[in-house]
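Visitor: Mind looking over this structure? Questions follow.
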Amino acid sequence: MWEECKDLQEYIVGLRRDLHQIPEVGFDLPETQAYVTAELDKIGIPYVCSEKDSSIIATIEGDKAGKTVCLRADMDALPVTEATGLPFSSRHEGCMHACGHDTHTAMLLATGKVLWAHRQEIAGTVRLLFQTSEEQSRGAEIMIENGAVKDADAVFGTHIGTLVDKAIPAGTFIIPSGCCMAAFDKFVIKVKGKGVHGSAPEKGIDPVNIAAHIVLALQAITTRELNATKPLVLTIGKIQGGSQYNIIPDEVVIEGTIRTLEEEVRQFAAKRIGEISQATAAVFGGSVDYEMIWGAPPVINDNNMAALAAKAAKKVLGEDNVITELPAPNMGGEDFAYYLEELPGAFMFLSSSNPAKGTDVAHHNPKFNVDEDVLWEGAAVFVAVVEEFLK
């Protein structure tokens, strides 16, 4: 069946370009949901829309009894202003598909089109999961609450782009065993001081100074408090405070993220961020309000399912275009991890890195784009995985 995906290349590109123009953020994706359901209606695949968000569960039941396999695509975009100059650029100001979710949705629709045409040959059931809010790491939990993986036997997902290594050429699938992506969590530190005119700093408590010391002190968690073999990424991405160049403000807000591979390290880092921030503020007479906003756990592929997916991908692409081992997990995060806590499965990566086409740009960048020539491969590998899993 997967061979038919080659003939759907233009169809997939068309879907992707349509979706690329209507990016939406978070849980509420009305235009995207309407587009996907309209396409499912054209194909004939039955589906159910969630009452909690804009997610969709479509079901293809084969004519013969068998196992149930789930295939997932995320549909949400990012609050990024597009700067690609593409003729099919975003029509929604300040919003962009800067992470490839438009392609994930298009590839899964094409997968469904092929499998639906061959449903009489399928021994089992295939569920197509069109998910919201991956970027906030909350959409998968809603899908699970809605029964997306209930009584299923396996789950698979694919991510396009340069996530693993932009040096890996476009058209290569990467399907590692074990842990392949990190847990990702967000922290917010509100540094509280006492505002005063900049000409008399001794009369106030400077939260800008405190924030500067906190930013530097937090790096010691990685360099001085953890064994060097225990990975931890601690990044400050946002500092906000003040309104005038000559006024010391009352408050400065620091926001950042931690990426970890082990729960013990995750909990330790969260604890120490709070302790160091509070102690540093106290030294200068200030205080902090600290919040850790927990994201998704690590993405851990089932060894057997990863091997099955790699076998299927090699049928489509050949041995040389499938990588099954990585020197280290990617420290990015993905809420696909929640599905893997429920079912055995595998998360796969499809490289679209092509410097000649300018598609080697990092994700979440205003100039992010993909090499569309590889889109049929994403659908074909999904179909091949279904063939292999359902025999």
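Each value in this text was obtained by applying a stated rule to the coordinates, not by laboratory testing. Note that the coordinates shown come from a computational prediction; the quantities given were computed from them, not determined experimentally. Methodologically, a virtual Cβ is constructed for each residue, glycine included, from the backbone with ideal geometry; neighbour enumeration extends over all protein chains shown.
Visitor: Straight-line reach from LYS42: which lysines fall under 18 Å, measuring Cα to Cα and dropping same-chain residues less than 8 apart?
Guide: Candidates past the 8-residue exclusion: LYS113.
Visitor: If I fit a long axis through the Cα atoms of helix 375-390 and take the longest principal axis of the Cα atoms of the chain, what angle between them do I get, 0 to 90°, rounded to 10?
Guide: For 375-390 against the chain, the angle is about 70 degrees.
Visitor: Given the options LYS67, LYS271, LYS367, state which has the largest fluctuation in a GNM of the chain using a 10 Å cut-off (strictly under) for Cα springs.
Guide: Sorting by GNM fluctuation, first place goes to LYS271.
Visitor: Using +1 at the Cβ of each Lys and Arg and -1 at the Cβ of each Asp and Glu in region 183-293, identify which of MET292, VAL191, GLN240 lies farthest towards the dipole's positive end.
Guide: GLN240
Visitor: Let me ask something additional. Could you size up the charge dipole of region 112-181 around its Cα centre, putting +1 on the beta carbon of Lys and Arg and -1 on that of Asp and Glu, and report it in debye to the nearest 20?
Guide: That gives a dipole near 200 debye.
Visitor: For the chain, with a Gaussian network of springs between Cα atoms less than 10 Å apart, report the residue from ARG272, ARG127, ARG16 with the top mean-square fluctuation.
Guide: Highest fluctuation among the options: ARG272.
Visitor: Moving on. Distance cut-off 26 Å, Cα to Cα: go down the list LYS52/LYS238; LYS52/LYS271; LYS230/LYS271; LYS190/LYS367 and report the pairs above it.
Guide: LYS52/LYS238; LYS52/LYS271; LYS190/LYS367
Visitor: Check SER54: other-chain or 5+ apart residues with amide H under 5 Å from its amide H, H built from backbone geometry?
Guide: So SER54 has HN proximity to LEU29.
Visitor: Give me D for region 97-239 in µm² s⁻¹, whole number, from Stokes-Einstein with Rh from the Kirkwood sum over alpha-carbon pairs, 25 °C and 0.890 mPa s.
Guide: D = 119 µm²/s.
Visitor: What is the Rg over Rh value, at two decimals, for region 183-293, using alpha-carbon atoms and the Kirkwood definition of Rh?
Guide: We get a ratio of 1.03 for region 183-293.
Visitor: Most mobile of SER50, SER177, SER90 per a Gaussian network model of the chain (Cα springs, under 10 Å)?
Guide: Among SER50, SER177, SER90, the largest GNM mean-square fluctuation belongs to SER50.
Visitor: Another question, then. Quick one: dipole size for region 183-293, taken about the Cα centre, charges +1 on Lys/Arg Cβ and -1 on Asp/Glu Cβ, in debye to the nearest 20.
Guide: Roughly 120 debye, rounded to the nearest 20.
Visitor: If you don't mind, another one. Choose one of ALA270, LEU340, GLY318: the residue whose Cα lies farthest towards the positive end of the charge dipole of region 246-342 (beta-carbon charges +1 Lys, Arg; -1 Asp, Glu; about the Cα centre).
Guide: Farthest towards the positive end: GLY318.
Visitor: Here's another thing I want to ask about it. For region 256-373, what class follows from the C-alpha gyration tensor (a ≥ b ≥ c being the square roots of its eigenvalues): rounded when a/c is under 1.5, otherwise prolate if a/b is larger than b/c, else oblate?
Guide: The shape class here is oblate.
Visitor: Calculate the translational D of the chain in whole µm² s⁻¹ from Stokes-Einstein, where the hydrodynamic radius comes from the Kirkwood formula applied to all Cα pairs, the temperature is 4 °C and the viscosity 1.567 mPa s.
Guide: Values: Rh = 22.3 Å.
The calculation lands on 58 µm²/s.
Visitor: Divide by every residue of the chain the summed helix terms, -39500 (n - 2.57) for each DSSP H run of at least 4, and state the resulting mean residue ellipticity at 222 nm, rounded to the nearest 500 deg cm²/dmol.
Guide: Computed mean residue ellipticity for the chain: -10500 deg cm²/dmol.
Visitor: Still on this structure: Could you tell me how many degrees, from 0 to 90 and to the nearest 10, lie between the Cα long axis of helix 207-224 and the main elongation axis, the longest principal axis, of the Cα atoms of the chain?
Guide: Helix 207-224 sits roughly 60 degrees off the main axis of the chain.
Visitor: For the chain, what is the relative contact order in percent, using Cα pairs closer than 8 Å and at least 6 residues apart in sequence?
Guide: Numbers: 929 pairs, mean separation 97.8, N = 391.
Rounded, it is 25 percent for the chain.
Visitor: If you line up the long axis of helix 9-20 against the longest principal axis of the chain, both from Cα atoms, how many degrees apart are they, to the nearest 10?
Guide: Taking Cα atoms only, the helix is inclined about 30 degrees.
Visitor: Right, next: Just how large is the dipole of the chain about the Cα centre, in debye to the nearest 20, putting +1 at every Lys and Arg Cβ and -1 at every Asp and Glu Cβ?
Guide: The calculated dipole for the chain is roughly 720 debye.
Visitor: Find how much the distance from LYS150 to ASP41 grows on full extension, using 0.36 nm per residue of separation minus their present alpha carbon separation; answer in nm with one decimal.
Guide: Stretched fully, the LYS150-ASP41 segment lengthens by 36.9 nm.
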